[in-house]
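What follows is a set of notes on a single structure, which appears directly below.
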Amino acid sequence: MDYLKYLAPGYDRAAVLRDLMEAFGHDVWSFAYFLTHKSDAADDISQEVFLAAFNGLYGFRGECTIKSWLLTITRNKALHYLQNAFIRKVTLTDRLVRGVSPAAEQIVFDRLDNRDLWDTVMRLPRKYREVLVLDYHYGLKVKEIAQLIRISEGTVKSRAHRAKKIMSKLLTRNDEEALGYE
């Protein structure tokens, strides 16, 4: 996808957009969900991200990776969504209750530990959750995370360290509760 740096007017932007959506659609949606905790908001934000990418294709200069570029757009759109006065003042319950079919029980048990871990990550304050997700889930380097969130590399490292400490405490507490020690 390095060819994005060399796009010239007249290039088939629809084909490029399809490539971007196929390669990074899941990452964009997941990051939007991690930031907003709402699947419908992640859907809307993902559409906005790819619309913005489509409109800004010729402006991509290659100063960062394509993934970083898209995740930066995603973060900005998600933060705008979260700062919206309507969203801040009105909380809609959009929790879906999903039944587990007997055929899916094994899959659920296999993924339970992973889900508990991500549920714990989702309980972290956004500034810590964001750094962990960008590091562990998306594999971005400290420098890329710092550029994406617009903070210093030292702050990224500090937040990652604090997030890991909080995660350790939360996971230890969850284990103790599960074993009945609390």
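The values are calculated or read from the model by the stated rules, or taken from the named source; none is laboratory data. Computed from a prediction, not measured in an experiment: that's the story for all the values here. Ideal geometry is used to build each Cβ from the backbone, glycine not excepted, and the neighbour counts take in all protein chains shown. Remember, those area values only see protein heavy atoms, side chains included, never the ligands or the DNA or RNA. Shrake-Rupley method; radii C 1.70, N 1.55, O 1.52, S 1.80 Å.
Val49 falls short on exactly one of the conditions (1) modelled with pLDDT of 90 or more; (2) open to solvent by less than 60 Å² (accessible area, probe 1.4 Å); (3) within 12 Å of the chain's Cα centre (by Cα), and that condition is (3).
Answer yes if at least one residue in the range 36-57 is within 16 Å of Leu140 (Cα to Cα) and of a type in the set (S, T, N, Q), and no otherwise. Among the residues of the range 36-57, not one is within 16 Å of Leu140 (Cα to Cα) and of a type in the set (S, T, N, Q), which makes the answer no. With respect to the stated conditions, Glu105 fails to be part of a helix (DSSP H, G or I), of a type in the set (Asp, Glu) and modelled with pLDDT of 90 or more. Can you confirm whether Lys165 is surrounded by 12 or more Cβ atoms within 10 Å (Cβ to Cβ), out of contact with any Lys or Arg (no Cβ under 8 Å at 6 or more places or on another chain) and either farther than 26 Å from Cys64 by Cα or at pLDDT 90 or above (or both)? Judged against the criteria, Lys165 is not a match.
Scanning the range 147-162 for residues that are open to solvent by 70 Å² or more (accessible area, probe 1.4 Å), part of a helix (DSSP H, G or I) and free of Cβ contacts under 8 Å to residues at least 12 places away in the same chain yields Glu153, His161.
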